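The values are calculated or read from the model by the stated rules, or taken from the named source; none is laboratory data. Just so we're clear, the structure is a prediction, and the values are computed from it rather than from any experiment. Every residue, glycine as well, gets a Cβ built from its backbone with ideal geometry; the counts of neighbours run over all protein chains shown. What goes into the accessible areas is simple: the full protein's heavy atoms, side chains included, and nothing from ligands, DNA or RNA. Shrake-Rupley method; radii C 1.70, N 1.55, O 1.52, S 1.80 Å.
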Amino acid sequence: MYLVIGGDCMDNQTIMQYFEWYLSDNGLLWKKMATNAQELKNTGIDTLWLPPAYKGMKRNDVGYGVYDLYDLGEFNQKGTVRTKYGTKEEYISGIEKLHECGIKVLADLVFNHKMGADETEVVHASPCYFHNREQKCGTKDVIKAWTKFDFPGRGETYSAFKWNHTHFSGTDWDEEDQKKDLYLFEGKNWNRETDEEFVNFDYLMGADLDTDNQEVVDELLHFGKWYVETANLDGFRLDAVKHISSIFFRDYLREVRRRTGKELFSVGEYWHPDLGKLLHYLDDVENEMALFDVPLHYKFYEASNNSGHFDMRNLFTKTLVSEREKNAVTFVDNHDTQPGQALCSFVSEWFKPLAYAIILLRNEGIPCVFYGDYYGLPNCGIRPVEKLPVLLKLRKYFAYGEQKDYFEHENIIGWVRQGDEEHPYSGMAVVLSDGPGGCKKMEIGKKFVGQWFYDVTGKCTDPIQIQEDGFGEFYVDGGTVSVWVCKEAYEMIWTDCFDFA
């Protein structure tokens with residue numbers, strides 16, 4: 001239902017995650033996105049997923065240690081006015097520039113927890129086992145919990161709501177005894193409709209929001225409307241959804257859409273390699289959102305570390321994009337999988353072009369490109385992915401028409417896009433191998449009979465001619481991807497001159 005971002009669209013859509021974990025704390029990201037907006041649009045990016053823009057528990061917080069949702073870099077709180085990425089003024093003007101260039105914006109919503117409270121409170125709580133959150137492991141205790149959020153730097157601007165322990169289910173720290181444990185507050189239960197890991201995976205970190213509390217729900221709805229209207233947002237990326245009641249998000253998205261009158265495309269992060277978990281969640285939320293295709297990411301990771309022994313015929317087996325493509329956002333890597341992070345599963349450099357060809361040049365799902373793959377990860381000494389801008393332009397201009405798959409070989413797979421009338425010179429043949437090189441005979445279509453096709457990647461230098469039956473013999477070198485397009489498309493890509501007159 002919400003596959004298309006912002007209404008019906010004939011052209012392919014592509015998201016970019018516009019940050020990585022180790023960006024410098026220089027406050028320049030919002031300025032950079034404004035400066036780069038037109039270049040990103042020309043390359044083929046039409047939606048940016050921006051990092052959490054509100055004040056965290058410290059200035060260099062990536063955004064997931066949420067302190068004040070309403071402080072977008074406007075108030076002197078936690079020792080800073082700006083966030084890691086800049087000021088509110090720069091954020092709003094940056095979004096305006098993106099919109100001027102035809103780029104939509106997804107804001108990152110972090111509703112699981114709050115951190116950096118202003119004061120502690122004395123709370124009655126019971127410790128629970130970390131491996132079984134539904135089972136208490138001690139007698140009721142009195143702890144000092146960091147649960148009082150008064151926002152002295154903002155006061156009551158935008159919202160008079162003040163958070164206290166009644167708005168949370170639990171926490172993992174007792175300030176009185178300086179003790180880390182998992183504490184469930186008296187009179188509370190962990191939210192239901194969450195992932196079943198640890199029996200109930202409601203708790204993740206910080207002070208855990210109680211979305212069974214109507215005051216909490218009302219405040220988050222107030223914030224959602226305020227945020228959409230203040231920043232002119234086009235949708236959301238929803239953080240850590242497996243730790244939050246699925247029913248909450250189903251109802252929340254419906255109500256914020258009603259209050260704002262906007263479609264608000266939304267994609268949730270349900271981090272689990274098991275397709276069944278993702279499908280169950282989508283059923284629970286009644287398909288009100290898309291999800292990131294985590295199972296496909298792990299397929300890429302496995303293939304890139306298997307030295308050519310991965311069976312490419314099974315690449316899409318038990319992936320979200322193969323089972324429910326209209327709810328799938330495909331990706332190769334992100335800020336959680338990059339080196340140094342807890343979920344590190346970074347796809348090997350040699351396989352990255354293959355993986356991006358797979359998510360960008362096929363007709364299922366919406367792909368999301370990682371900032372660190374586009375610009376590189378200097379903190380880790382990792383270069384930008386080879387030919388990624390070329391693959392993005394191929395998607396934007398030429399990856400259209402009927403798709404035919406050729407997945408009968410364990411190493412060499414391919415597909416064709418046969419082009420359409422709406423996109424001049426569209427159509428392509430894609431062939432890739434995680435092992436030895438070779439060729440694949442594929443049907444590109446009789447309308448291309450006699451035409452010469454060229455490998456845009458430059459790996460195969462000799463052109464091939466389409467035969468009278470509409471087939472061609474498309475080549476690929478070992479461990480690479482080749483994308484074959486007609487002469488006109490090839491010249492446009494390499495001259496960066498898309499003149500269709």
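Descriptive notes on the structure:
- Residue ID - farthest from the chain's Cα centre (by Cα), chosen from residues in region 111-132 that are under 14 Å from GLY206 (Cα atoms) and assigned to a loop (DSSP other than H, G, I, E, B): ASP118
- Among residues of region 25-54 that are closer than 17 Å to VAL390 by Cβ, those with a Cβ under 8 angstrom from a residue that is open to solvent by 50 Å² or more (accessible area, probe 1.4 Å), sequence gap 6+ or separate chain, pair up as THR43/PRO389; THR43/LYS396; GLY44/LYS396.
- Single condition LYS55 does not satisfy, out of (1) among the charged types (D, E, K, R); (2) buried (at least 22 other Cβ atoms within 10 Å of the Cβ); (3) under 19 Å from the mean Cα position of the chain (by Cα): (3)
- Flag if TRP415 is out of contact with any helix residue (DSSP H, G or I) (no Cβ under 7 Å at 6 or more places or on another chain), of a type in the set (Phe, Trp, Tyr) and in contact (Cβ under 8 Å) with a residue 12 or more places away in the chain: yes
- Listed by position, the strands (runs of 3 or more DSSP E) enclosed by region 377-484 that each have at least 1 residues that are modelled with pLDDT of 95 or more, among the aliphatic types (A, V, I, L, M) and more than 28 Å from THR47 (Cβ to Cβ) are 412-417, 428-433, 438-443, 471-476.
- Considering GLU302, GLU215, the condition of being in contact (Cβ under 8 Å) with a residue 24 or more places away in the chain, surrounded by fewer than 23 Cβ atoms within 10 Å (Cβ to Cβ) and of a type in the set (Asp, Glu) is satisfied by GLU215 alone.
- Residue among ASP469, ASP455 that is buried (at least 22 other Cβ atoms within 10 Å of the Cβ), of a type outside the set (A, V, I, L, M) and either closer than 22 Å to LEU392 by Cα or touching a strand residue (DSSP E or B) at 6+ places or on another chain (Cβ under 8 Å) (or both): ASP455
- Within region 260-282, tally of residues that are under 20 Å from the mean Cα position of the chain (by Cα) and not in a loop (DSSP other than H, G, I, E, B): 12
- First in region 361-385 and among the basic types (Lys, Arg), second anywhere and modelled with pLDDT of 95 or more and open to solvent by 30 Å² or more (accessible area, probe 1.4 Å), Cβ under 8 Å, 6 or more apart: ARG362/GLN403; ARG383/GLU349
- Scope region 438-461; condition within 22 Å of GLU491 (Cβ to Cβ), touching a residue at least 12 places away in the same chain (Cβ under 8 Å) and more than 35 Å from the chain's Cα centre (by Cα); matching residues: LYS447, PHE448, VAL449, GLY450, GLN451, TRP452
- Subset of region 283-300 [under 13 Å from the mean Cα position of the chain (by Cα) and aromatic (Phe, Trp, Tyr)]: PHE292
- Restricting attention to region 426-447, the residues that are open to solvent by less than 50 Å² (accessible area, probe 1.4 Å) and farther than 15 Å from GLN403 by Cα add up to 7.
- Residues satisfying the stated conditions in region 340-357, i.e. surrounded by fewer than 16 Cβ atoms within 10 Å (Cβ to Cβ) and on the phi < 0 side of the Ramachandran plot: GLN341, ALA342, LEU343, CYS344, SER348, GLU349, TRP350
- Region 317-336 residues that are buried (at least 24 other Cβ atoms within 10 Å of the Cβ), paired with ones that are in a loop (DSSP other than H, G, I, E, B) and among the aromatic types (Phe, Trp, Tyr) (beta carbon under 7 Å, 6 or more apart): ASP333/PHE346
- Residue pairs whose Cβ atoms lie under 7 Å apart, sitting 6 or more positions apart in sequence or on different chains, and linking a residue in region 268-286 that is closer than 17 Å to TYR298 by Cα and open to solvent by less than 40 Å² (accessible area, probe 1.4 Å) to a partner that is outside any loop (DSSP other than H, G, I, E, B) and among the hydroxyl-bearing types (Ser, Thr, Tyr), are TYR270/TYR281.
- Out of VAL347, VAL369, VAL329, VAL321, sole residue that is β-branched (Val, Ile, Thr) and in a helix (DSSP H, G or I): VAL321
- The set of residues from region 235-259 being of a type outside the set (Gly, Ala, Ser) and not in a helix (DSSP H, G or I) comprises PHE236, ARG237, LEU238, ASP239, ILE244.
- SER307 assigned to a strand (DSSP E or B) and either without any contact (Cβ under 8 Å) to a residue 12 or more places away in the chain or of a type in the set (S, T, N, Q) (or both): no
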